[in-house]
Amino acid sequence: MEFQVLVFTALSIGFIHTLLGPDHYLPFIVISKARNWNTFKTLSITFLCGIGHVIGSVVLGILGITLGIALNLVEGIESFRGELAAWLLIGFGIAYTVWGLRIGFRSIEHSHEHDHDEHSKNHSHDQPDGHHHHSHHHLGLHAHIHGDQKKLTPWVLFIIFVLGPCEPLIPILMYPAAQGNWMDVFVVSAAFSLTTVATMMVMVFIAYKGLAKVKFDWLERYMHAIAGFIIAASGLAIKFLGL
């Protein structure tokens, strides 16, 4: 009976902890929209980051149990990891917002008027009066997202999620560990981990499909900035609201 209660608790906490933590899914939703990731890439990156997220806490919990480290010390380490992950999200979000604004402003088209000299006018068939205007933006050939930048963002997210803690998991692991039942420790860890990752992927998938039908019109050029702002807001929510 105790085993069933532990597994149910792990499943419930994994689901609720993930659902109430916007940092578990919002970064993937907004980055995938800004960078036009397809469904497979979005869910693959979400899955890998989710696995890294739970494994970090599972390994810490098992090490704490094996080495006989007190529960409050392990939870203190998890709390520190949470602080670090929150600040990394905030920093990454702000940096991405600034970069996104730069890209957005440079993509705005504007017009210039030109007056040609007499020589140009004599050789111009399209503009005989020597006066014309044209529209352009300042993105140029090298303002797109380079391959290295595309590869960097998933790795940044992965590192942040590996550092991000799963605080509710530690107390659940301690109970079967105190009884020396390592099979229960494994099952409880697996139940919590699978629920957490599955909830992340479902939330991302639903939002991804929903946003695919939304037209942002002129806001499209600012999607990177919006993504960065939402990521920073997620970090601030963790830091100051405890989400």
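The values are calculated or read from the model by the stated rules, or taken from the named source; none is laboratory data. Note that this is a predicted model, so its numbers are computed, not measured. With ideal geometry, Cβ positions are generated from the backbone for all residues, glycine too; neighbour counts draw on all protein chains shown.
Descriptive notes on the structure:
- Boolean, F229 is touching a Gly at 6+ places or on another chain (Cβ under 8 Å), at pLDDT 90 or above and aromatic (F, W, Y): yes
- Checked against the criterion of being surrounded by fewer than 18 Cβ atoms within 10 Å (Cβ to Cβ) and out of contact with any Asp or Glu (no Cβ under 7 Å at 6 or more places or on another chain), segment 24-32 has no qualifying residue.
- Segment 12-43, subset charged (D, E, K, R) and touching a helix residue (DSSP H, G or I) at 6+ places or on another chain (Cβ under 6 Å), residue modelled with the highest pLDDT: K33
- Boolean, I62 is part of a helix (DSSP H, G or I), within 17 Å of F158 (Cα to Cα) and either of a type in the set (A, V, I, L, M) or touching a Ser or Thr at 6+ places or on another chain (Cβ under 9 Å) (or both): no
- Out of F186, F205, F158, one residue alone is modelled with pLDDT of 50 or more, assigned to a helix (DSSP H, G or I), more than 20 Å from the chain's Cα centre (by Cα) and of a type in the set (F, W, Y). It is F186.
- Contact map, segment 200-221: first residue touching a residue at least 12 places away in the same chain (Cβ under 8 Å) and crowded, with 18+ Cβ neighbours inside 10 Å, second residue hydrophobic (A, V, I, L, M, F, W, C) and not in a helix (DSSP H, G or I), Cβ cut-off under 8 Å, separation 6 or more or different chains; pairs are R221/I108.
- Residue within segment 56-71 that is under 18 Å from the mean Cα position of the chain (by Cα) and under 22 Å from L194 (Cα atoms) present: yes
- For segment 65-118, filtering for residues that are of a type in the set (S, T, Y) and either assigned to a helix (DSSP H, G or I) or modelled with pLDDT of 75 or more (or both) leaves 4.
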